[in-house]
Amino acid sequence: MRTELSARAALPDVTVVGGGVIGLVTAWRSAQRGLRTTVVDPAPGGGAAQVAAGMLAAVTELHYGEETLLGLNLASAERYPSFVAELEEATGLTTGYRRCGTLAVAFDADDRAFLRELHALQQRCGLESAWLTGRESRRLEPMLAPSVRGGLRVDGDHQTDPRRLTAALLAACERAGVGFERATAVRVLSDGGRALGVALDDGRTLSSGQTVLAAGSFSGRIEGLPPELLPPVRPVKGQVLRLRMPSGTAAEKYGPFLSRTVRAVVRGRPVYLVPRADGELVIGATTEEMGWDTTVTAGGVYELLRDAHALVPGLTELPLAESRAGLRPGSPDNAPLLGPTALPDLHLATGHFRNGILLTPATGDILAEVLTTGELPERARAFRPGRFTPGGSAAPPHPVLAPPESTELPV
Ligand SMILES: Cc1cc2nc3c(=O)[nH]c(=O)nc-3n(C[C@H](O)[C@H](O)[C@H](O)COP(=O)(O)OP(=O)(O)OC[C@H]3O[C@@H](n4cnc5c(N)ncnc54)[C@H](O)[C@@H]3O)c2cc1C
């Protein structure tokens, strides 16, 4: 009897399935609230954040029809400074958070028309962005090609380094006493109409009071749930390159290669360049519906280099350090699924698509509140998992400010 009781006392209050950036922030916040928390992941600290550019681009990432998501993105961007300060203080690690701003530029007349549309939408949403001529854009970033036709200066869109962020979150979890099970969760266990934990691929089971499914694009593949409860997430492939910018005397003599994030539509194709303080230059990203494929292709690399070169010709001189592909967890409305499901004690934190790094602080806060109070906070109601279920609690439709067009700057 005593053994049974002590075994039960050792059970976690919360099991988080998935130790990517979203699972880790959920676990850290949960442990900080005094909940005994365990993360299940064969390779915690991996996932899409190992590939992601880390743009915190609430304003330049605005798309028609996504104004509800914009509110969450802006709130999370606002949380970033205090979030990283707390994380860095807790771990002694840096997160690469850089308040560098963003310049979105156009390459030809069509691209400029597109950028004008984006500017108009940003203004209708009350966002801060300033229109620049091509010359003004080049004055800000002298490495830009002479053919750049105009730009949008967005001083509020910053960046962080997702690899450093993830490493810091992993350390913060360990320090806060989060347990780690290096295994794959294969099935959600339930009984009496409640979630009871998960079964692992090594045959063990892990029981807990509450279970959070935060397995990124894999979240919809777990067994044990009826179809209507499976999160409707899919993998959206993105290929990314990493180059090294000049450092030392060259940088001192000629100034920074790029000083802010530069995004563009180059003859209709989107591309971005994210310069880190440590000299890394991230070029991304393709957007491909290719299932679970993470192959880096010659075509993907060619397109990225071709468009980035058209924008910043001098980059062909830089050493190419890495090419990699990752999977964004896409949802039907491009917004995350957060909070309780129709199965009591099972929660979701997934579907963050192209904004998972940006939404890390907000997701941690929201899930901590859900796990401690059982309630989804008012500001997160539009992102409840039930919104896709027929007859389920549908989200209010996004207010569409203009007819939907293809106006994408990709992440
Ligand atoms: C090319 C690219 C560029 C991006 N750029 C940006 C950007 O600039 N800004 C931005 O905000 N976002 C960006 N993103 C999006 C962002 O990276 C993701 O939204 C975010 O990393 C998703 O995190 P996650 O923890 O939900 O999922 P993931 O990172 O996919 O992590 C899921 C974790 O779950 C684990 N797992 C899977 N199945 C199981 C299982 N059955 N049991 C246990 N563990 C499991 C995996 O091992 C993994 O560690 C980009 C993504 C890509 C691919």
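The values are calculated or read from the model by the stated rules, or taken from the named source; none is laboratory data. In this text, all values refer to a predicted model and were calculated from it rather than measured experimentally. Virtual Cβ from ideal backbone geometry, glycine too; neighbours counted across all protein chains shown. For accessibility, only protein heavy atoms count, side chains too; no ligands or nucleic acids. Shrake-Rupley method; radii C 1.70, N 1.55, O 1.52, S 1.80 Å.
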#### Entry: Evaluated at q = 0.13, 0.16, 0.28, 0.32 Å⁻¹: base-10 log I(q)/I(0), Debye formula over Cα of the stretch 30-75
-0.57, -0.76, -0.94, -1.07
### Task
Give the angle, between 0 and 90 degrees and rounded to the nearest 10, that separates the Cα long axis of helix 298-311 from the longest principal axis of the Cα atoms of the chain.
50
### Linear extension gain, Arg221 paired with Thr373, 0.36 nm per residue minus alpha-carbon span
51.9 nm
### Task
Two decimals is fine: what's Rg over Rh for the stretch 38-184, C-alpha atoms, Kirkwood radius as Rh?
1.07
### Query
Plugging the Kirkwood radius over Cα pairs into Stokes-Einstein for the stretch 14-107, at a temperature of 20 °C and a viscosity of 1.002 mPa s, what D comes out in µm²/s?
138
### Message
Between Thr133 and Thr316, how high is the FRET efficiency from 1/(1 + (r/R0)^6) when r is the Cβ-Cβ distance and R₀ = 35 Å? Nearest 0.05.
### Response
0.85
### Message
Order Trp131, Trp28, Trp292 by their accessible area, 1.4 angstrom probe, all chains in place, largest first.
### Response
Trp292, Trp131, Trp28
### Message
Just to be sure I follow: if Rg is taken over the C-alpha atoms of the stretch 247-359 and Rh is the Kirkwood radius over the same atoms, what is Rg/Rh?
### Response
1.08
### Message
I want the local charge near Arg175. Using Cβ-Cβ distances under 13 Å, sum +1 for each Lys or Arg and -1 for each Asp or Glu among the other residues.
### Response
-4
### Query
So what are the radius of gyration and Dmax for the Cα set of the chain, in Å?
21.7, 78
### Task
Evaluate the distance, in nm, between pseudo-label points positioned 7 Å from the Cα of Ala342 and of Ala120 along their respective Cα→Cβ axes.
4.2
## Note on the structure
Tilt, helix 67-91 to longest principal axis of the chain (alpha-carbon atoms), in degrees rounded to tens, equals 80
#### Entry: Most mobile of Thr38, Thr372, Thr211 in a GNM of the chain (Cα contacts under 10 Å)
Thr372
### Query
Using the Cβ atoms and a cut-off under 14 Å, what net charge is assigned to the surroundings of Thr372, where Lys and Arg are +1 and Asp and Glu are -1?
-2
### Sequence-distant residues sharing a close amide H with Gln159 (under 5 Å, placed H)
Leu56, Arg98, Cys100, Gly101
### Query
Once you list every other residue whose beta carbon is under 11 Å from the beta carbon of Pro42, what net charge do they have if Lys and Arg are +1 and Asp and Glu are -1?
-3
### Stretch gain in nm, segment Ser82-Gln50, where the contour uses 0.36 nm per residue and the Cα spacing is subtracted
9.2 nm
### Message
Keeping all protein chains in place and using 1.4 angstrom, which order do Arg33, Arg182 fall into by accessible surface area, from largest down?
### Response
Arg182, Arg33
### Spin-label pair Ala109/Thr287, simplified geometry with 7 Å Cα→Cβ offset, distance in nm
2.6
### Rounded D (µm²/s) - the stretch 127-257, Kirkwood Rh over Cα pairs, Stokes-Einstein at 25 °C, 0.890 mPa s
121
### Message
On a 1.4 Å probe surface of the protein chains, which of Tyr97, Tyr254, Tyr64 comes out largest in accessible area, and what is the full order?
### Response
Tyr254, Tyr97, Tyr64
### Query
Per residue, how many Å² of accessible area does the chain show with a 1.4 Å probe?
41
## Note on the structure
Between the modelled labels at Glu89 and Arg324 (7 Å from Cα along Cα→Cβ) the distance in nm is 3.0
### Task
Just round it to a whole percent: the fraction of Cα-Cα distances in the stretch 296-338 exceeding 18 Å.
48
## Note on the structure
Computed over the stretch 84-151, the Cα gyration tensor eigenvalues, each multiplied by 5 and square-rooted, give semi-axes in Å (largest first) of 32, 17, 9
